[in-house]
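Here is the structure we will look at.
The values are calculated or read from the model by the stated rules, or taken from the named source; none is laboratory data. No experiment lies behind these values; they were computed from the predicted model shown. Cβ: placed from backbone, ideal geometry, glycine included. Neighbour counts: every protein chain shown.
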Amino acid sequence: MDSFNINYYLQSENKKNKKCLILISVIWEGIRLRTTLNLAIESSNWDSDKKQVKRQSMDSLRINSKLDEIKFKLNDYYTKYKVENKKIPPKKDVQEIIKAILENREPRKKREKKPEKQLSFFEYFKEFIKDSEKGLRLTSAGKRIQSSTITSYKTTENHLENFLKTLKYEINFDNVDELFFSHITKYLANEKLSNNSTGRLIKVIKTFMHYTFQKGYHNNLRFVNALKVFDQDTTIVALTNDELIKLENIEAYLEEGEEFTPKNEKIRDLFLIQIYTGVRFSDLFNLKPANIDFNQKLITLNTIKTQENLSIPITSKLELLLKKYDCILPKISSQKYNEQIKIVCKLAKINTPVQITKFIGNKREISTEAKYELISSHTARRSFITLTLKKGIMPEMVMKVSGHKSRKSFQRYVRITQEEAIVQVQKAWEE
């Protein structure tokens, strides 16, 4: 791997002017910096192989010259800095070089500053969260951190604070090691957190430690092997075809004294739209009339989580529901939606007992719950994938519609019981 490398890419298209900003990616001794340049072009004028504007397009000479100049000056700066300082420069210095080149001026020299007060572990953790919220910290793909991910950061912070108060444990960057891992996993097990929940917290701590290491706040690399992330199979469900029919015809399953209210109906309809399309909750409520083409029988959208362009077929049942709301779906928070869909599924008598297996530390806990209690917005996406596969559609085709890139991540959504597998395999060999 090169110790210094520069590449140019295009960001997502700006819906207002149909142009894309050019993004520069600088890798300096394994540290990655991404930032946008104040240069924008139409995506059709970008040569993704040569990483520059196509020669036949307008203004190509000016922009390509500027890109070459940035590359040349950054390479020159890298060589001089490495000889003079023998260390990696701060990201702010590299950003200032790029800005100076774009503004045709010399880089501003840093003023000598008084040594700043060293922040505590938790003060840095709060900075980590704030940087993520403000967009100062991006994903490896150069995208903003999702709000759900930031929520997991705050949850981790709360657990860490309680851990320190309960055990009177002193934490700093240097002692995030095997002993710390042993103490915190034991504490979380005592708090009845499942191993998967503990694993998610540990993963956040590892992300934070990587982030602070790259910023030069510490030199502790023991955390890489010391912090192990649990990932055990959990009980997650999908609707069967019979349960889908119950949901579609919910009025027929109401018992005396039960009422299917207009509010219930909206939640049921939203959930059915999710099942018929396989979209995530975030994409469901980002759906607009402009995304829906009844003539072509297609929904086209750019997903919020992965920025993938998807084309989803509009079936007859889906078309009826979309037209019922004039393609403008009711809005609701994810928390309320997940609460209400359980109530709706209970009315639909989706109440098969489901055995729940949960691991807490070395203990295995088994309980039984009615299926509707386990249903959430994500159940719709799993149901879409599972039911479509059961209709004999090839996994590769389903992945094209669902937006999954790998079979491994796709397979986590497939929910086929052992009994169903036995019946289908037997049927295939008897024919």
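Being out of contact with any Ser or Thr (no Cβ under 8 Å at 6 or more places or on another chain) and either closer than 30 Å to Phe122 by Cβ or surrounded by 13 or more Cβ atoms within 10 Å (Cβ to Cβ) (or both) narrows it down to one of Gln274, Gln214, so name that one.
Numbers: Gln274 fails: out of contact with any Ser or Thr (no Cβ under 8 Å at 6 or more places or on another chain).
That would be Gln214, the only listed residue that is out of contact with any Ser or Thr (no Cβ under 8 Å at 6 or more places or on another chain) and either closer than 30 Å to Phe122 by Cβ or surrounded by 13 or more Cβ atoms within 10 Å (Cβ to Cβ) (or both).
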Could you list, in sequence order, the residues of the stretch 323-347 that are over 21 Å from the mean Cα position of the chain (by Cα), of a type in the set (A, V, I, L, M) and surrounded by 13 or more Cβ atoms within 10 Å (Cβ to Cβ)?
Leu329, Ile341, Ile343, Val344, Leu347
Give just the number: which of (1) under 15 Å from Leu247 (Cβ atoms); (2) surrounded by fewer than 16 Cβ atoms within 10 Å (Cβ to Cβ); (3) touching a helix residue (DSSP H, G or I) at 6+ places or on another chain (Cβ under 8 Å); (4) without any contact (Cβ under 8 Å) to a residue 40 or more places away in the chain does Thr315 not satisfy?
(1)
Considering residues of the stretch 142-158 that are loosely packed, with under 15 Cβ neighbours inside 10 Å and touching a residue at least 40 places away in the same chain (Cβ under 8 Å) only, the residue nearest to Lys305 (Cα to Cα)
Gln146
Odd one out for Gly199 among (1) outside any loop (DSSP other than H, G, I, E, B); (2) farther than 30 Å from Ser334 by Cα:
(2)
Given (1) at pLDDT below 85; (2) hydroxyl-bearing (Ser, Thr, Tyr); (3) surrounded by fewer than 16 Cβ atoms within 10 Å (Cβ to Cβ), where does Tyr78 come up short, assuming only one miss?
(3)
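Can you name the residue in the stretch 122-140 that is in contact (Cβ under 8 Å) with a residue 24 or more places away in the chain and among the aliphatic types (A, V, I, L, M) and is also nearest to Gln214 (Cα to Cα) among such residues?
That would be Leu138.
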Give the residues of the stretch 347-369 that are closer than 30 Å to Glu259 by Cβ and β-branched (Val, Ile, Thr), sorted by residue number.
Ile350, Thr352, Val354, Ile356, Thr368
Inside the stretch 181-219, the number of residues satisfying the requirement of being under 18 Å from Arg32 (Cα atoms) and in contact with a His (Cβ under 7 Å, 6 or more places away or on another chain) is 1
Would you call Leu239 of a type in the set (A, V, I, L, M, F, W, C), part of a helix (DSSP H, G or I) and surrounded by 15 or more Cβ atoms within 10 Å (Cβ to Cβ)?
no
Taking the stretch 64-98 on its own, how many of its residues are within 26 Å of Tyr217 (Cβ to Cβ), within 35 Å of the chain's Cα centre (by Cα) and free of Cβ contacts under 8 Å to residues at least 24 places away in the same chain?
4
Pick from the stretch 354-367, criterion more than 29 Å from Tyr276 (Cα to Cα) and not hydrophobic (A, V, I, L, M, F, W, C), ranking: surrounded by the most Cβ atoms within 10 Å (Cβ to Cβ):
Lys358
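For the stretch 163-174, which residues satisfy the criterion of being part of a helix (DSSP H, G or I) and in contact (Cβ under 8 Å) with a residue 12 or more places away in the chain?
Within the stretch 163-174, the first condition is being part of a helix (DSSP H, G or I), and the residues that meet it are 163-167, 173-174.
Hits for the stretch 163-174 are Phe163, Thr166, Leu167, Phe173, Asp174.
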Examine the stretch 378-391 for a residue that is within 27 Å of Arg268 (Cβ to Cβ) and modelled with pLDDT under 75, and state whether such a residue exists.
no
Please go through the stretch 363-389 and pick out each residue that is touching a strand residue (DSSP E or B) at 6+ places or on another chain (Cβ under 7 Å) and of a type in the set (A, V, I, L, M, F, W, C).
Ile366, Ala370, Leu374
